[in-house]
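S.K.: Pasting a structure below so you can have a look.
Taken together, the values in this text are just the output of simple stated rules run on the coordinates, not laboratory data. Small disclaimer: the values here were computed from a predicted structure and weren't measured. A quick note on method: Cβ atoms are made from the backbone with ideal geometry, for glycine too, and the neighbour counts reach across all protein chains shown.
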């Protein structure tokens with residue numbers, strides 16, 4: 001079962017090849033590694049959910065995938081890793097289908113194997129004048145809804161991620177919308193053996209929010225209630 | 001990338017090192033500062049300032065390079081020896097160089113705690129390197145074309161100035177090693193403007209890679225010199241931009257030590273070249289990466 005969920009940003013500045021002499025966002029990498037390390041501490045299996053790049057220019061794997069692999073590597077733990085890529089602009093229906101497929105595979109796994117879902121997802125990149133996408137006054141409300149949904153995970157808040165509007169999120173450069181909706185579907189009603197109405201409640205172990213460059217970063221660790 | 005390594009004092013450096021050597025004059029009449037650090041308290045303050053600005057080395061000199069009033073060895077010692085001891089006491093980690101051609105002065109400053117003898121007059125006193133060897137100090141060998149200390153070049157011509165520089169510096173470096181200076185404590189300096197007209201100094205700058213290829217750590221002393229002034233037709237006091245351009249070219253050619261008046265600007269230029277060359281990561285990068 002999915003015992004832990006960890007949400008991290010997909011910022012390229014987290015990758016070692018882009019490190020300057022001092023960190024561009026002091027403490028961000030450490031927060032991400034700490035949250036991932038806690039979330040995978042007892043995991044046998046890690047499912048990485050990441051979006052595709054919004055503006056691909058190279059043959060490299062998606063930034064989100066590379067960030068996830070870097071963070072997992074930094075934990076020095078051993079587990080199986082499965083990558084689930086979702087188009088950054090996938091429809092909600094496609095995200096739900098992908099999330100349910102993840103949940104179904106978990107159901108098929110033998111009993112007590114602990115799985116961590118590592119979700120690479122950012123909020124809007126249009127939060128300030130200096131933000132990559134310049135300022136959009138609608139960004140704050142959408143980001144607040146994302147942060148609120150994660151913080152209310154214990155009360156089913158993750159379901160609200162499915163309400164994020166793909167068109168609005170695309171306008172606001174919320175590149176994490178699709179991975180977050182896969183997360184909502186994977187941890188929603190499809191869990192608990194796939195029985196409608198049975199769900200696993202997640203408690204918020206930690207949730208840090210920042211936007212040092214006008215992009216919403218969420219670093220959150222959720223753990224299934226025993 | 002060259003596998004060059006060199007040592008100054010207790011510190012080790014490699015081919016990618018770009019070090020700032022700040023000039024500290026204990027003179028009343030040097031061309032650039034015109035005695036600004038002649039008083040001891042002003043000289044101390046200059047040392048504190050350049051250390052705070054990121055200088056790796058201070059180069060303390062008691063006699064200006066240009067012709068002028070004769071300064072004997074005892075007076076030169078009075079100007080620099082106690083000062084070196086005091087700087088050493090206040091800055092235990094700082095690399096201290098002394099600009100002198102005299103072995104007797106060299107001995108006294110090494111006893112006082114200096115790390116480097118900057119022989120700016122091309123081995124005029126052959127015993128200087130022997131003193132360096134005795135103290136396991138570093139020594140800077142310079143090309144002057146064999147002129148007498150504190151004389152200006154007058155109608156000197158070379159068939160190939162860089163060849164003359166190479167021949168002289170290699171001979172001096174080899175001799176330093178032969179008398180016992182550690183091979184990784186020998187630095188070479190083509191000595192811009194010394195025994196050279198501006199055409200010579202410009203050619204040396206243009207072909208500086210031929211000197212870095214020799215396998216010795218390379219010092220350049222470009223700061224506000226006449227070759228910069230004549231290149232741009234600018235007087236002393238207006239040569240910083242030209243100096244920094246020459247600094248950047250020298251850094252790209254791989255010079256290791258930069259003897260300068262302006263530390264902050266030089267440090268920025270050297271760091272920028274190091275970053276462009278890939279020898280140093282950028283300070284902090286977020287553009288397009290957030």
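S.K.: Go ahead and collect, in residue order, the members of segment A:135-169 whose backbone nitrogen is under 20 Å from a label point 7 Å along the Cα-Cβ direction of residue A:210.
M.R.: What the label zone holds, given the 20 Å backbone N cut-off, is A:140, A:143-144, A:146-148, A:150-151.
S.K.: Based only on Cα atoms, what mean projected area does the convex hull of the protein assembly as shown have, in nm²?
M.R.: Averaged projected area of the protein assembly as shown's Cα convex hull equals 30.0 nm².
S.K.: Per-residue counts of other Cβ atoms within 10 Å, averaged by peptide: what ranking do you get for A:216-222, A:10-16, A:41-47, A:135-141, highest first?
M.R.: Details: A:216-222: 24.4, A:10-16: 20.6, A:41-47: 18.9, A:135-141: 15.0.
By packing density, highest mean first, the sequence is A:216-222, A:10-16, A:41-47, A:135-141.
S.K.: Continuing with this model, one more query. Under 16 Å from a point placed 7 Å out from the Cα of residue B:265 along the Cα-to-Cβ direction: which residues of segment B:3-38 have their backbone N that close?
M.R.: Taking a point 7 Å out along Cα→Cβ of residue B:265, the residues of segment B:3-38 whose backbone N falls under 16 Å are B:21-23, B:32-34.
S.K.: For chain A, treating each Cα as an identical point scatterer without solvent, what Debye log10 I(q)/I(0) comes out at q = 0.13, 0.16 1/Å?
M.R.: Log-scaled intensity ratios, in q order: -0.68, -1.06.
S.K.: Under a point spin-label approximation (7 Å from Cα along Cα-to-Cβ), what is the residue A:1-residue A:77 distance to one decimal in nm?
M.R.: Computed distance between label sites residue A:1 and residue A:77 equals 1.8 nm.
S.K.: Output the antiparallel fraction of DSSP beta bridges having both residues in the protein assembly as shown, as a percent to the nearest 5.
M.R.: So the antiparallel bridges in the protein assembly as shown amount to around 25 percent.
S.K.: If I model a spin label as a point 7 Å beyond the Cα along the Cα-Cβ vector, how far apart are those points for residue A:91 and residue A:109 in nm?
M.R.: 3.0 nm
S.K.: Return the ratio Rg/(2.2 N^0.38 Å) for segment B:106-202, where Rg is computed over Cα atoms only.
M.R.: For segment B:106-202, the normalised Cα radius of gyration is 1.09.
S.K.: Also: May I ask for the distance between the Cα centers of segment B:262-281 and segment A:46-89, given as a whole number of Å?
M.R.: Using only Cα atoms, the two centres lie 35 Å from each other.
S.K.: Treat the count of other C-beta atoms within 10 Å as a stand-in for reagent exposure and order A:2, B:257, B:23 from fewest to most. If you can, show how the numbers build up before the last one.
M.R.: Working: A:2 22, B:257 28, B:23 25.
Least to most surrounded, the residues fall as A:2, B:23, B:257.
S.K.: Further question on the same structure: Using 0.36 nm per residue, how much length does the chain from residue B:41 to residue B:234 gain when fully extended, once their Cα-Cα distance is taken away?
M.R.: 66.4 nm
S.K.: How far apart, in nm, are two points set 7 Å out from the Cα along the Cα-to-Cβ line at residue B:71 and at residue B:156?
M.R.: Taking the simple label geometry, residue B:71 and residue B:156 are separated by 2.0 nm.
S.K.: Tell me whether segment B:14-277 comes out rounded, prolate or oblate; compute the Cα gyration tensor, take square roots of the eigenvalues as a ≥ b ≥ c, and use a/c under 1.5 as the rounded threshold.
M.R.: rounded
S.K.: Length gain on complete extension for the stretch residue B:275 to residue B:48, per 0.36 nm per residue less the alpha carbon to alpha carbon distance?
M.R.: That pair, residue B:275 and residue B:48, stretches by 79.0 nm at full extension.
S.K.: Hey, what does the equivalent ellipsoid look like for segment B:21-110, semi-axes from the Cα gyration tensor as sqrt of 5 times each eigenvalue, largest first, whole Å?
M.R.: For segment B:21-110, the semi-axes come out at 20, 15, 11 Å.
S.K.: How many partner chain Cβ atoms sit within 10 Å of a residue's Cβ in peptide B:275-284, on average, as a whole number?
M.R.: That works out to 3 on average.
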